[in-house]
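Read the structure below first, then the notes.
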Amino acid sequence: MKPDNDRELILRCQAGPSNGLEGAFRELYELYKDRVYNVCFRITGNSADALDAAQETFGILFRKVSGFRFESKFSSWVYRIAVNASIDLKRRSTGRRTASLDQVHDADVHEQDQVRLNLSEADEQGPVRQAGKRELELEIQHAILRLSPKLRAITVLRYIEDLTYDQVAETLQISIGTVKSRLARAHAALDRELTPVLDKHYLA
């Protein structure tokens, strides 16, 4: 297993006193807060739930970091907690709050530097192109939200967070074969959803 780049910081968190968001844990929070929020937002679909899931993620990290034994990469452990917190929150909130394009737009404007998809920058950046790109980003996010929680999580980790197959498998504690199988199912579902949208976007 590759060495964990965060090892020294994690060891300081484990050695220091339990004093909330101060000292070494504050550094850990600053290091991971954007990545955790990104994952939570992409899975929950709105900023309110994403903030709740991110807060829960860091609460778990604070309580359990002392027991981390470097048997996996720390970043994989953090992603796993964020994914589980987001999926659990969505299960609890079923019927209370549903994602819509309006919700996605509001949250994406508020956090646009953190949650934008990595679309190609090859297009001219004029107002019309920018508007079309914005619409496409929202359509993609909306399509991701219509995936099942398991397929949504694996899509976010692989294509939004850019994890390798091995890293996704380690994060979700599943086999490489299961990663590939779930991604194939996600691809098929997204193809059905997005082919008309992409045709409209690129033929416009």
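The values are calculated or read from the model by the stated rules, or taken from the named source; none is laboratory data. Note that the structure is a prediction, hence the values are computed from the model and not measured. Positions of Cβ are generated from backbone atoms using ideal geometry, with glycine treated the same way; all protein chains shown enter the neighbour counts.
Observations on the structure shown:
- Close pairs (7 angstrom Cβ cut-off, 6 or more residues apart or separate chains): modelled with pLDDT under 85 and small (Gly, Ala, Ser) in the stretch 178-204, in a helix (DSSP H, G or I) and surrounded by 15 or more Cβ atoms within 10 Å (Cβ to Cβ) anywhere: Ala204/Gly132
- Scanning the stretch 153-200 for residues that are in a helix (DSSP H, G or I), surrounded by fewer than 17 Cβ atoms within 10 Å (Cβ to Cβ) and of a type in the set (Ser, Thr, Tyr) gives Tyr165, Thr178, Ser181, Thr195.
- Pair list, Cβ < 8 Å and 6+ apart or interchain, from the stretch 57-82 residues that are surrounded by 20 or more Cβ atoms within 10 Å (Cβ to Cβ) to residues that are among the small types (Gly, Ala, Ser): Thr57/Ala82; Thr57/Ala85; Ala82/Ala53; Ala82/Ala54
- With respect to the conditions (1) modelled with pLDDT of 90 or more; (2) farther than 23 Å from Ile154 by Cβ, Gly16 falls short on a single one, namely (1).
Matching residues to (1) modelled with pLDDT under 90; (2) charged (D, E, K, R):
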site	(1), (2)
Ser76	no, no
Asp88	no, yes
Asp102	yes, yes
Gln125	yes, no
Ala131	yes, no
Glu161	no, yes
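- Given (1) modelled with pLDDT of 50 or more; (2) assigned to a loop (DSSP other than H, G, I, E, B), number of the condition Lys150 does not satisfy: (2)
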